[in-house]
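Below is one structure, written out as structure tokens, with a few remarks after it.
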Amino acid sequence: MHLTLLAFDWVLLLEKAVLILIIISVSLLVAMYETWGERKVAAFMQDRRGPNRAGPGGILQPLADGLKLFMKEEIIPLTSSRFLFVLGPGLAMLTAMMTSAVVPWSSHFHLWGRDISMQIADVNIGILYIFGVVSMGVYGIMIGGWASNNKFSLLAAIRGASQIISYELAMGLSIIALLMITGSLSLKTIVEQQQVGHYYVLLQPLGFLIFLICAFAECNRTPFDLSEAENELNFGYHQEYSSMKLGFYLFAEYVNMFISSAVMATLYWGGYDIPFVNDAALVGHWGQNPVAVLQVVSLFVKILIFIFFFMWVRWTIPRFRYDQLMRLGWKVLIPLALANMLATGAFILWKG
């Protein structure tokens with residue numbers, strides 16, 4: 001037993017702990033400034049200024065909003081289930097953050113004679129891990145709506161749960177078609193395949209479109225924000241929440257948007273691959289560390305493009321009716337995903 005403890009790589013544990021801390025901090029920072037970015041995008045599209053008081057261009061507005069949430073009075077309804085009421089937003093935030101564990105943010109850095117991977121966990125079932133964690137996110141919504149003991153909240157939670165479950169089916173089927181091409185569930189392997197070949201959006205355009213639409217539904221974003229339809233359900237499943245419990249629900253939505261963008265960029269747009277550049281040749285010319293930094297920048301540029309698209313759609317398209325939303329999921333997206341899967345299989349057999 002003593003020899004086993006000595007053989008344990010404590011430096012690797014430290015590396016992973018630091019990487020986890022960095023990714024969580026960056027995710028929270030991005031989520032915080034997504035709120036500012038969304039209000040600026042909305043203001044631009046509606047010909048107004050948006051936040052412009054707190055700091056230059058309103059850049060400090062997210063800090064002011066965060067301080068306001070911390071300072072607001074904490075209210076827990078007397079008729080609520082106290083334990084579940086606290087658990088709901090915590091679970092929503094936890095599942096949102098856990099998804100980032102298998103995303104490769106870059107190839108690796110070479111420091112102190114070691115290759116430091118920029119992926120928390122390079123598991124060979126990375127995509128299954130993502131689906132497993134994402135499917136747990138529905139419990140945060142359902143528990144919050146149920147524990148509030150409010151009929152509006154409960155109806156909104158039921159809507160959100162049925163929506164997420166419905167669109168997860170189409171999303172999973174779209175991913176199966178991609179896996180038939182890649183032959184791997186590891187996100188790092190999928191990125192490396194795209195570095196030496198084509199981006200998979202060129203081979204799976206319909207699969208990417210289905211995945212993108214389902215990502216909107218998974219993130220409860222317009223036009224799929226039926227669980228927060230103000231004209232029908234007031235504020236939705238988090239109506240009874242205040243202070244940082246409400247902040248956790250709001251942050252979870254923006255963190256989900258950030259991580260969903262990272263997953264889409266990884267699966268279909270080459271991940272951290274630098275477009276139009278041979279990364280291996282660039283490493284030979286510049287060295288590993290500068291190229292690793294450029295790869296991080298490349299991935300974040302792709303993520304920011306997706307985040308802007310999320311915001312653009314929100315302020316352009318009105319939300320669906322609930323029957324339209326469910327019809328799209330069950331009668332359009334799932335049959336399309338099945339047809340795409342069959343067509344991909346037929347193409348692989350024909351090519352082979």
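Odds and ends about this structure:
- Loop-resident trypsin sites (Lys or Arg not before Pro) (DSSP state other than H, G, I, E or B) in segment 59-168 with no more than 16 further Cβ atoms inside 10 Å of their Cβ: LYS72.
- Candidate lysines - alpha carbon under 28 Å from LYS68, same-chain residues fewer than 8 apart omitted: LYS40, LYS151, LYS245
- Positive-pole candidate from GLY144, MET97, SER107, dipole of segment 26-154, charges at beta carbon: GLY144
- Cα Rg, Dmax (largest Cα-Cα span) when computed across segment 2-130, Å: 20.6, 68
- Sorted largest first, extent of segment 3-71 alpha carbons per principal axis (Å): 67, 28, 18
- Fluctuation leader among HIS108, HIS198, HIS285 - the chain, Gaussian network, Cα springs under 10 angstrom: HIS285
- Loop-located chymotrypsin sites (Phe, Trp or Tyr not before Pro) across segment 21-116 with a Cβ neighbour count of 10 or fewer within 10 Å are TRP112, with loop assigned by DSSP.
- Inverse of mean 1/r across different Cα pairs in segment 276-325, Kirkwood, Å: 13.8
- Per-residue ellipticity at 222 nm from helix content only, as computed over the chain with -39500 (n - 2.57) for each DSSP H run of at least four residues, stands at -22500 deg cm²/dmol.
- Computing FRET efficiency as 1/(1 + (r/R0)^6) for ALA346 and TRP10, where r is the C-beta to C-beta distance and R0 is 51 Å, gives about 0.50.
- Just checking the listed ones, PRO89, PRO275, PRO56: in the Gaussian network model of the chain with Cα springs under 10 Å, the one fluctuating most is PRO56.
- With the convex hull of the Cα atoms taken as the outline of the chain, the averaged projected area works out to 22.4 nm².
- Summing +1 for each Lys or Arg and -1 for each Asp or Glu among the other residues whose beta-carbon sits under 15 angstrom from that of VAL134 gives -2.
- Whether segment 196-352 is rounded, prolate or oblate, judged on the alpha carbon gyration tensor where a/c under 1.5 counts as rounded: oblate
- For the residues PHE258, PHE224, PHE300, a GNM of the chain with alpha-carbon springs under 10 Å puts the largest fluctuation on PHE300.
- Here the contact order of segment 1-100, divided by its residue count and restricted to Cα pairs under 8 Å and six or more residues apart, works out to 18 percent.
- Cα→Cβ-extended label distance, 7 Å offset, between PHE308 and PHE44, nm: 0.6
All of the numbers you see were taken from the coordinates with simple rules; none came from a lab. None of these values were measured; they are calculated from a predicted model. So basically every Cβ, Gly included, is an ideal-geometry build from the backbone, and we count neighbours across all protein chains shown.
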